[in-house]
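Here the structure comes first, spelled out in structure tokens, and everything after it is commentary.
The values are calculated or read from the model by the stated rules, or taken from the named source; none is laboratory data. Small disclaimer: the values here were computed from a predicted structure and weren't measured. So basically every Cβ, Gly included, is an ideal-geometry build from the backbone, and we count neighbours across all protein chains shown. These area figures cover heavy atoms from the full protein model, side chains too; ligands, DNA and RNA do not enter into them. Shrake-Rupley method; radii C 1.70, N 1.55, O 1.52, S 1.80 Å.
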Amino acid sequence: MPMSKITSAENAVKRIADGAVVAVNSSSGLCCPDHVLQALGERYRAERHPGRLTMVHPIAAGDMFGTRGIDHLAQDGMIDTIIAGSYPSGPSSAEPPLIWQMLGENKVAAYNVPSGILFDVLREAAGKRPGVITKVGLDTFVDPDLDGCAMNERAREKAIVRKIDFEGEDWLYFPTIAPDVAIIRASTADERGNLTFEHEGAYLGAMELALAAHNCGGLVIAQVKRVAQAGSLRPHDVRVPGILVDMIVEAPDQLQTTATAYDPAISGELFRPLDTFRTPAFDPAKVIARRVAAELEPGWAVNIGFGISANVPRIFLEEGRHGEVTWVIEQGAVGGIPLLDFKFGCSSNAEAFVPSPHQFTYFQAAGFDASLLSFLQIGADGSVNVSKLAVRPHVTAGAGGFVDITARAKKIVFSGYFNAGAKLSIADGKVSIDKEGKVAKLVPEVDQVSFSGKRATAQGQDITYVTERCVLRLIDGKVTVTEIAPGIDLQRDVLDRAAFPLTVAPSLKPMQADLFLPGGSGGRSAGKEAAE
């Protein structure tokens with residue numbers, strides 16, 4: 001019999017050395033190996049080892065709702081560098097996670113690299129190739145001509161991306177990152193280390209991280225909910241083979257995802273009845289989501305992001321259109337109904353789970369039909385900031401897969417409120433601005449370029465911005481008002497409230513009246529009317 005791979009979290013983390021590069025497979029609470037991360041943090045607290053770690057997180061590890069994740073390691077001297085697609089996030093009213101505080105105080109060198117690129121970098125490490133050459137991120141904060149992914153001064157001291165010329169074109173080059181340790185999570189391990197994911201809401205990049213660490217001579221630690229007898233798992237269910245796994249840590253109480261002990265609909269073990277899903281209350285956010293829904297066509301595959309757009313599947317459900325489009329999210333779910341709020345990243349009733357690196361390949365090459373995303377700011381050239389909020393930065397979490405998704409997307413619909421702080425109401429089919437917001441979101445230049453309007457114009461991408469008071473489109477490089485909401489004065493409520501001159505379409509139309517009625521619907525007709 002081979003030596004058992006089952007051990008305690010405390011024993012597992014003893015093999016992590018000072019200065020190690022540690023890659024973690026997680027998305028907030030989803031698949032987060034929190035028990036192992038806690039043991040690692042406790043070891044450092046007791047021994048001051050391992051220190052000076054480089055942490056690699058394609059998607060955030062931990063949240064603000066019961067899964068501390070990376071915050072277990074947010075101790076002076078423990079982390080030297082963190083390279084992450086996103087960071088733990090939560091409500092603006094809460095204190096920032098410790099890792100955000102360390103980032104702001106320049107105690108760690110912090111980088112925000114698009115999630116898909118990070119998965120690509122690890123995949124290249126597994127193949128012993130030198131790095132990733134990509135156009136994803138050009139003309140955004142990823143580009144070294146802007147921020148080069150650096151989030152603070154310490155990060156700016158060391159570049160992790162270069163712009164290169166390849167056959168007469170500009171490309172971004174990310175050198176390989178070879179992990180010394182991969183910490184991943186699954187539902188079940190057998191005694192040989194074969195891993196299955198039957199209680200998880202995604203696979204994320206478990207296989208890619210394990211393969212990268214193993215092939216680079218590193219260590220693979222797998223946290224699981226339960227351990228089975230060797231040979232008892234069905235081979236088609238095994239997503240990471242035991243030949244890649246060095247140690248198994250059992251954690252029976254691991255949460256399934258953010259603030260969720262276990263929901264079989266998230267892991268695809270049963271389908272919830274459709275009438276059990278909450279649909280949005282009638283308010284300005286629902287009006288925006290209805291108008292966004294009207295942009296979509298039957299048969300499309302549609303990516304959605306966090307924010308108002310996450311409600312669009314519920315609009316389809318409410319209007320009897322469920323199933324007309326297939327929702328695809330970066331964590332890997334295909335189909336079903338994506339969850340809301342900070343459980344976003346999981347879907348109930350999914351048709352399939354695709355490993356995140358494969359999903360990002362699909363996104364980066366624009367294999368899908370449309371993407372529905374949010375905005376913090378819109379610039380005069382159509383650029384969008386979604387990744388940097390000067391006040392309470394932890395609310396944004398960073399860019400995640402936003403840059404991968406938008407780099408070549410054929411059609412993008414951004415949604416959000418026209419400005420920040422306005423008090424709005426809807427009555428008698430009209431929008432009323434009870435108190436105007438004081439913070440402009442349409443600004444001459446965005447604080448950080450998460451999406452490049454100039455590049456979108458050059459590539460011929462179809463870009464729309466939907467707000468509660470108007471619809472705007474990027475036409476010939478200009479942000480153009482194409483529709484106006486009932487009750488809204490074009491000059492007073494739109495043109496005068498933007499911090500740069502907006503263009504008004506000669507064919508300016510009213511937004512469909514039915515959007516603004518409690519019993520109405522946006523439906524396909526609003527999109528058709530807008531397109532006429």
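How many percent of DSSP beta bridges within the stretch 1-94 run antiparallel, rounded to 5?
10 percent
Given the protein chains as shown and a 1.4 Å probe, how many square angstrom of CYS216 are accessible, to the nearest 10?
Accessible area, nearest 10 Å²: 40 Å².
Which ³J(HN,Hα) values in Hz, rounded to whole numbers, follow from the phi angles of the stretch 250-256 under the Karplus curve 6.51 cos²θ - 1.76 cosθ + 1.60, where θ = phi - 60° and Gly and Pro get x?
Along the stretch 250-256, the couplings run 8, 9, x, 9, 4, 6, 5 Hz.
On a 1.4 Å probe surface of the protein chains, which of LYS107, LYS225 comes out largest in accessible area, and what is the full order?
Result, largest first: LYS107, LYS225.
Here is the link list: LYS135/LYS478; LYS158/LYS441; LYS343/LYS435; LYS14/LYS107. Which ones come out longer than 28 Å on Cα distance?
On the way: LYS135/LYS478 24 Å; LYS158/LYS441 32 Å; LYS343/LYS435 31 Å; LYS14/LYS107 24 Å.
Pairs exceeding 28 Å: LYS158/LYS441; LYS343/LYS435.
Charges at C-beta only: +1 for Lys and Arg, -1 for Asp and Glu. How large is the resulting dipole of the stretch 256-309 about its Cα centre, in Debye rounded to 20?
Taking the Cα centre of the stretch 256-309 as origin, the dipole is about 180 debye.
Where in the chain are the DSSP H helices whose C-alpha atoms run 15 Å or more along the long axis and whose mean Kyte hydropathy is at least 0.0? Intermediate values should be presented prior to the final figure.
Working: long enough: 34-47 (19 Å, -0.89); 115-126 (17 Å, 0.83).
Going by DSSP H runs, the hits are 115-126.
Probe of 1.4 angstrom, ligands and nucleic acids ignored: what's the accessible area per residue over the chain, in square angstrom?
Solvent-accessible surface per residue comes out at 38 Å².
In the chain, if the dipole is taken from +1 on Lys/Arg beta carbons and -1 on Asp/Glu beta carbons about the Cα centre, which of GLY519, GLY336, THR67 is farthest to the positive end?
THR67
Ordered by residue, what ³J(HN,Hα) values in Hz, to whole numbers, does the stretch 476-491 give under the Karplus form 6.51 cos²θ - 1.76 cosθ + 1.60, where θ = phi - 60° and Gly and Pro are x?
3J(HN,Hα) across the stretch 476-491, in whole Hz: 6, x, 10, 6, 10, 6, 10, 9, 10, 7, x, x, 9, 8, 4, 5.
Arranged from highest to lowest average of other beta-carbon atoms within 10 Å per residue, in what order do the peptides 484-495, 61-72 appear?
Result, highest mean Cβ count within 10 Å first: 61-72, 484-495.
At a 1.4 Å probe radius, carbon and sulfur cover how many percent of the accessible area of the chain?
52 percent
State whether the stretch 308-449 is rounded, prolate or oblate according to the following rule on the C-alpha gyration tensor (a ≥ b ≥ c being the square roots of its eigenvalues): a/c under 1.5 gives rounded; otherwise a/b larger than b/c gives prolate, and the remaining case gives oblate.
The shape class here is oblate.
One-quarter of the Cα convex hull surface for the stretch 247-326, in nm²?
If you wrap the Cα atoms of the stretch 247-326 in a convex hull and average its projections, you get 7.6 nm².
With an 8 Å Cα cut-off and a minimum separation of 6 or more residues, compute the relative contact order for the stretch 278-396 in percent.
Relative contact order comes out at 23 percent.
Given axes a ≥ b ≥ c from the Cα gyration tensor, I'd like to know whether the stretch 465-518 is rounded (a/c under 1.5), prolate (a/b larger than b/c) or oblate.
prolate
What shape does the stretch 103-176 have by the C-alpha gyration tensor, where a ≥ b ≥ c are the square roots of the eigenvalues, rounded means a/c under 1.5, and otherwise prolate means a/b greater than b/c and oblate the rest?
Oblate is the answer for the stretch 103-176, as a/c is 1.5 or above yet b/c matches or exceeds a/b.
About the Cα centre of the chain, what is the dipole size in debye to 20, counting +1 per Lys and Arg Cβ and -1 per Asp and Glu Cβ, all else neutral?
The calculation lands at about 220 debye.
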